[in-house]
1. Using the Karplus equation 6.51 cos²θ - 1.76 cosθ + 1.60 (θ = phi - 60°), what ³J(HN,Hα) coupling, rounded to whole Hz, does each residue of the stretch A:174-181 give in order, writing x for Gly and Pro?
2. Tell me, what is the per residue accessible area of the stretch A:142-245 in Å², probe radius 1.4 Å?
3. Setting aside same-chain residues fewer than 8 positions from B:Lys41, which lysines have a Cα under 27 Å from its Cα?
4. With unit charges on the beta carbons (Lys and Arg positive, Asp and Glu negative) and the dipole taken about the Cα centre of the protein assembly as shown, which residue among B:Val176, A:Val57, A:Leu70 sits farthest to the positive side?
5. Could you compute how much accessible surface A:Tyr238 exposes when probed at 1.4 Å, giving the result in Å² to the nearest 10?
6. Quick one: net charge around A:Asp40, please, counting Lys, Arg +1 and Asp, Glu -1 for every other residue with C-beta under 9 Å from its C-beta.
7. Kindly work out what percent of the DSSP beta bridges joining two residues of the protein assembly as shown are antiparallel, to the nearest 5.
8. Hull surface divided by four, with the convex hull built on the Cα atoms of chain A: how many nm²?
Amino acid sequence: MAKIIVVTSGKGGVGKTTSAAAIATGLALRGNKTVVIDFDVGLRNLDLIMGCERRVVYDLVNVIQGEAGLNQALIRDKRVDNLHILPASQTRDKDALTSEGVEKVLDTLGKDFDYILCDSPAGIERGAQLAMYYADEAIVVTNPEVSSVRDSDRILGLLASKTRRAERGEDPVKEHLLITRYNATRVDHGDMLNLEDIREILAIDLIGLIPESEAVLRASNQGVPVTHDDNSDAGQAYMDTVSRLLGEEVPLRFHELQKKSLLSRMFGGGRR
Amino acid sequence: MSLKVDRADMAFTFKGGMLPMTVMELASADPERIREQLSGKLSQSPAFFQHTPVVLSVEKLDEPHLALERICAVCRTHKLLPVAVRGGADPVKQSAWALGLGWFPPSDGARARALEEVPPVETATLGASEPAASGGRIYRGTVRSGQQVSAPDGDLVVIGAVNAGAEVLAAGSIHVYGALRGRALAGIHGDTEAGIFCRELHAELLSVAGNYKRLEDIDPHLLGSSVQVALRDAQLGITSLA
C-alpha cells in the first residue's frame, strides 16, 4: 500500500507546489515509484512546475467524474522513470471533487505506487480538506514569517481533527515541518522569524529547511524541479529532506550565516 | 430668580445614555414555545440568565394581540427581566404600558444583528484530554490557532502551549504549562476568584469573570515571563510568578 503524503500550508505562495514537485522528484530519483497529484482545481500549477503542461489531456476531475481512466490522465515524467503526475482541471472548481471520487483514485493508485503526494491548494476550504483527508503523513510548508506560521498552526489543528485517521481514531497523521525561503542573513537582522521560534510555536518535527534561492525561481520558470539542480543549495536541501522522509538521519544545513572569509573579517571592521 | 441651582439641592439629573441591551427578537408569540427554548438556553449558559434586562421585540410578529403578560412571566421565571417592548400595533403598546413596561417604536431595519449568530468553532477533538476529579479538565498538547478548548464546569489545565488564534475557557481557573499566545477566559460563569496562570505570557486577551485586558493593555515588561492573573477591585492584575 502506498504512503499518502499531503503537502499543505494554509497560506498561499509559500512554496507548496514547488516543494511537492521537488520532493516527488527526489523520492523517484531514490528509486520509489511516486505519483504527485494536483488538488488545486481551477488554479492548476503543478504541471508548469513539472514541465509537462503541454502533455495534459485528461485530469483529476475527468477521472473522478468517469470521463477518463486513471491511466489516460496520468502523465509520465520525462526525466525520471518512476515519477507520474496527475494534473488538476483548470476549467472546473473545487466542488467538482467528491470525497468518494478522491478515495477511489487514491485506492487505485495505492496498488501501483510507493508514494502518493497530494499538492494541496491554499486555504482551509473544501479543496484543502479533501487533499489532506486521506493522508498518512503531512508536510506543512512554512515561511519564516508570522502570518505563515499562524496559518500552518491552523492547518495542524485541522490535520488533527478533519482527517480520516482522526475521525476513525487511528494513529494521527504524522506531521512534518518544512521551512522554505529561509534567509539566514535576514533572520540574523531580525527581519524574519528564526528557526527556533518557528519550531517552538508549531511544536512538530522539522523535516527540512530550504534556503531562499535563485535556483528555485529559475527551476519554476523552466519547469524543471529544483531537485535536478544538484549544484544548488535548494536542490541539495530538498534531497536532504527526501532522505529524512525515507528515515535517514541527515544533519541540518543552510540555516546558519555563512562564515565570513578571513579577508572580509580583516577588512570588514565589524565585531564578528 | 436665579437659574443657578445648587447641585446639592437637586434630587436627580436626567442624562442621556446608551446602555448595552439584549433584544429578544420573538419569532413566535406562543409562550410555551418560548418557555421550551429558554429552558434549553438556561442549561447551556446559566451565566447569561442573571436577571438580565431584555427588550422584547415583536417586530417580526404579525399579530395585533399578544399574550404579553404570559410571555413576560415566562421570561421572569427564567431570570430574564423584560423592561420594554419594541414594535407592534397599538394594542401591543397599550398592554405594554399596562404591564409597566416601556414601548419603543420599531427599529429602522437591519441595524440589529443577531447576537447568537456566532460562527461555528472547531473544538479540538485531538486528544489528549481527560476529565479531572474536580469537574475540570486536563488537556495535553498544543492548542492551535482556530481551536477552542473549554472546561465548562471547573479548572482547565493545558500541558502545552496555547497558540495565537486559539481560545481556552474555563468556569474556574486556567493553568497553561507553556506559552500562552491566544485568548484565555477564566471564570466564564462569573467566578471572580478564578485566575489565569501561565509559563510565558504573550496572550491576545486575558479575561476573568468578564473583566478583560488585551495584549495592548498588558505591561510590556511582563511579556514573556511567567505570571498570574487575578481580579482585584474589578481590575485585572497581572503579577510575575518568578
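The values are calculated or read from the model by the stated rules, or taken from the named source; none is laboratory data. These numbers were taken from a predicted model, which means no experiment stands behind them. All Cβ positions, even for glycine, are placed from backbone atoms using ideal geometry, and neighbour counts span all protein chains on display. Areas reflect the complete protein model, heavy atoms only, side chains present, ligands, DNA and RNA absent. Shrake-Rupley method; radii C 1.70, N 1.55, O 1.52, S 1.80 Å.
1. Those phi angles translate into 6, 9, 10, 9, 10, 9, 10, 6 Hz.
2. 44 Å²
3. B:Lys60, B:Lys79
4. Working it through, the farthest residue towards the positive pole turns out to be B:Val176.
5. A:Tyr238 has an accessible surface of roughly 10 Å² with all protein chains in place.
6. Taking every other residue near A:Asp40 into account, the sum is +1.
7. Numbers: 18 of 87 bridges.
Antiparallel: roughly 20 percent of the beta bridges in the protein assembly as shown.
8. Working: hull surface 59.4 nm².
Answer in nm², one decimal: 14.8.
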